[in-house]
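Reviewing the structure listed below.
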Amino acid sequence: MTDNDVRAAELRRALADSLEQSGNLRSPEWRQAVERVPRHLFVPTFFRWTDGPGGITLWAPVGKEQDPEQWLELAYRDETLVTQLDRTLVSPTDRHVTPHDVAEPVQGDPTSSSTLPGLVVRMLEDLDVVDGMNVLEIGTGTGYSSALMSERLGDKQVTSIEFDPGIAANAAAALKLAGRAPHLVVGDGLNGVPEHAPYDRLVATCSVRHIPRPWLHQTRPGGRILVTLAGWLGGYGLALLEMGDDERAEGRFLPGTVSFMIARPQAPEPITSKQRSAAFKMLADATPRPTAVGHDIREDWTSNFVVQLAIPTARQETISRDGGPFVHYYLDTTTESVAALTPEPGGGWTVRQAGPVRLWDNVEAAVGLWREAGSPPQEQFRIRTDGHTQTVWVDGPDGPISWDLTA
Ligand SMILES: C[S@@+](CC[C@H](N)C(=O)[O-])C[C@H]1O[C@@H](n2cnc3c(N)ncnc32)[C@H](O)[C@@H]1O
């Protein structure tokens, strides 16, 4: 054993202690997995968040070569370690940038990471993954969470699928180095992996707008699915569903503010300049009116989720035109509708709307019903799906308040 191995084992024990203290790690079996799986092998390099000039976020590359001690210590912190960035907004050809590709801190949007260990084990505990189960993971990422499952359940019981071939190749190499060999698949996890079905448990470490029908086919009756439901307005909710006998699943949202990067084929396209100009044109004749529900409603975790449920196909951007105030545009290209929210100098908000769907009327109605119900937190919301229609609901004074999200 090298000094490095001894230090890594110490750091793993300390990590397991802190995960137990935080309540995320609750069983001796998962503790043993955390103590045994060498996370540092899965994150040979990663990006660290740092403040850039003018408050922008920059990502600094970190690796064994630069500072071996710091790298090892960071690998065992309860932190998400970003391993890939999409830099197309700043540099159109740099879609998948890894820490190997840069020497200095850079801008970009994370597209792959090793999820913080506390959340990984919390999800395995919440999903009640126990010995003997057959599990499908969507989003292999670095392979660390697959390794934890393989360590406890055995390689044959774990299947993991990753969309990005480069990320998948790195994960395969790291798993081999760690002595683990789960079934690894490169492809779109929204189709599941029928070859190794049926699964007792399905866990997704990317979020989805709609729970895909193949997941329901491939999870056995009584089996469970744990996935973060997401949308295009940055609302998230960690949902735990149980399969019925009829390929329908029903469940509830769990506490906490859990968010994951959205599954690649479901991520929103950026708003184009053509769509933006069409929206401005539509709004030119719209009459402004005051609204008691401002854009700031979205600062709260649950109310943002409600807004997203009310206008599930809308995207949003904030723009100042010709030196005027910043206006928040909600654009729904599915229905060709738009709403623009403007802050008033003395406080309050006005809204302008155009198109067949009055987007902000829908938001006001949904938020009004949710408030009448006493503004219940997200863990009181429930979800049901047959793979086509997905319904989210919460109890109100006059019965359930529900939203249908058809795939
Ligand atoms: C947060 S990371 C995974 C973390 C991973 N479990 C770990 O511990 O390292 C999410 C991963 O999901 C992948 N992903 C996104 N959309 C996907 C899809 N449709 N199918 C499979 N993987 C997907 C991303 O490429 C990314 O690597």
Discussion item. For segment 169-196: of the residues being assigned to a helix (DSSP H, G or I) and under 15 Å from A263 (Cβ atoms), which is nearest to the ligand (Cβ to nearest atom)?
Written reply: G189
Worksheet entry | Condition broken by W30, with the remaining ones in (1) surrounded by fewer than 22 Cβ atoms within 10 Å (Cβ to Cβ); (2) in contact with a helix residue (DSSP H, G or I) (Cβ under 6 Å, 6 or more places away or on another chain) satisfied | (1)
Fill in: Filtered residue count, segment 26-60, keeping only those that are assigned to a loop (DSSP other than H, G, I, E, B) and under 30 Å from D109 (Cβ atoms)
7
Item to complete: Identify the single condition in (1) at pLDDT below 95; (2) assigned by TED's automatic domain parsing to the domain that holds R358 that V293 does not satisfy, given that it satisfies every other one.
Response: (1)
Fill in: Search result, residues across segment 371-407 that are under 21 Å from V258 (Cα atoms) and in a helix (DSSP H, G or I)
Q378, E379, Q380
Worksheet, complete the sentence: Checking R201, R209 in turn, the sole residue that is among the basic types (K, R), in contact (Cβ under 8 Å) with a residue 40 or more places away in the chain and farther than 28 Å from R31 by Cα turns out to be R209
Worksheet item: Which strands (runs of 3 or more DSSP E) sit wholly inside segment 216-263 and have at least 3 residues that are among the aliphatic types (A, V, I, L, M)?
Response: 219-230, 236-243
Worksheet item: With respect to the numbered conditions (1) more than 15 Å from the ligand (Cβ to nearest atom); (2) touching a residue at least 24 places away in the same chain (Cβ under 8 Å); (3) outside the structural domain of F260 (by TED's automatic domain parsing); (4) not in a loop (DSSP other than H, G, I, E, B), which one is the sole condition not fulfilled by E125?
Response: (3)
Practice prompt. With respect to G139, determine if the residue is closer than 25 Å to W59 by Cβ, within 12 Å of the ligand (Cβ to nearest atom) and in contact (Cβ under 8 Å) with a residue 40 or more places away in the chain.
Written response: yes
Fill in: Residues of segment 86-105 satisfying the condition of being within 12 Å of the ligand (Cβ to nearest atom) and part of a strand (DSSP E or B)
D86
Worksheet, complete the sentence: Over segment 197-217, the set of residues crowded, with 22+ Cβ neighbours inside 10 Å, within 15 Å of the ligand (Cβ to nearest atom) and over 23 Å from V121 (Cα atoms) is P212
Discussion item. Within 16 Å of the ligand (Cβ to nearest atom) and among the hydroxyl-bearing types (S, T, Y): which single residue out of T2, T50, T57, T83 fits that description?
Written reply: T83
Practice prompt. Tell me which residues, restricted to segment 125-145, are closer than 11 Å to Q157 by Cβ and among the polar types (S, T, N, Q).
Written response: N134
Practice prompt. Take L148 and decide whether it is among the hydrophobic types (A, V, I, L, M, F, W, C), touching a helix residue (DSSP H, G or I) at 6+ places or on another chain (Cβ under 7 Å), part of a strand (DSSP E or B) and within 12 Å of the ligand (Cβ to nearest atom).
Written response: no
Worksheet item: Got at least one residue in segment 236-251 being farther than 26 Å from G23 by Cα and within 16 Å of the ligand (Cβ to nearest atom)?
Response: no
Worksheet item: What number of residues in segment 258-285 are within 16 Å of the ligand (Cβ to nearest atom) and either farther than 27 Å from D188 by Cβ or in contact with an Asp or Glu (Cβ under 9 Å, 6 or more places away or on another chain) (or both)?
Response: 4
Worksheet item: When you go through L148, L177, L184 one by one, which is the residue that is surrounded by fewer than 23 Cβ atoms within 10 Å (Cβ to Cβ), among the aliphatic types (A, V, I, L, M) and out of contact with any strand residue (DSSP E or B) (no Cβ under 9 Å at 6 or more places or on another chain)?
Response: L177
Worksheet item: Restricted to segment 106-122, and to residues that are surrounded by fewer than 17 Cβ atoms within 10 Å (Cβ to Cβ) and in a loop (DSSP other than H, G, I, E, B), which residue is farthest from the ligand (Cβ to nearest atom)?
Response: Q107
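The values are calculated or read from the model by the stated rules, or taken from the named source; none is laboratory data. Everything quoted here is computed from the prediction, not taken from an experiment. When we count neighbours, we look across all protein chains shown, and the Cβ atoms used for this are built from the backbone with ideal geometry, even at glycine.
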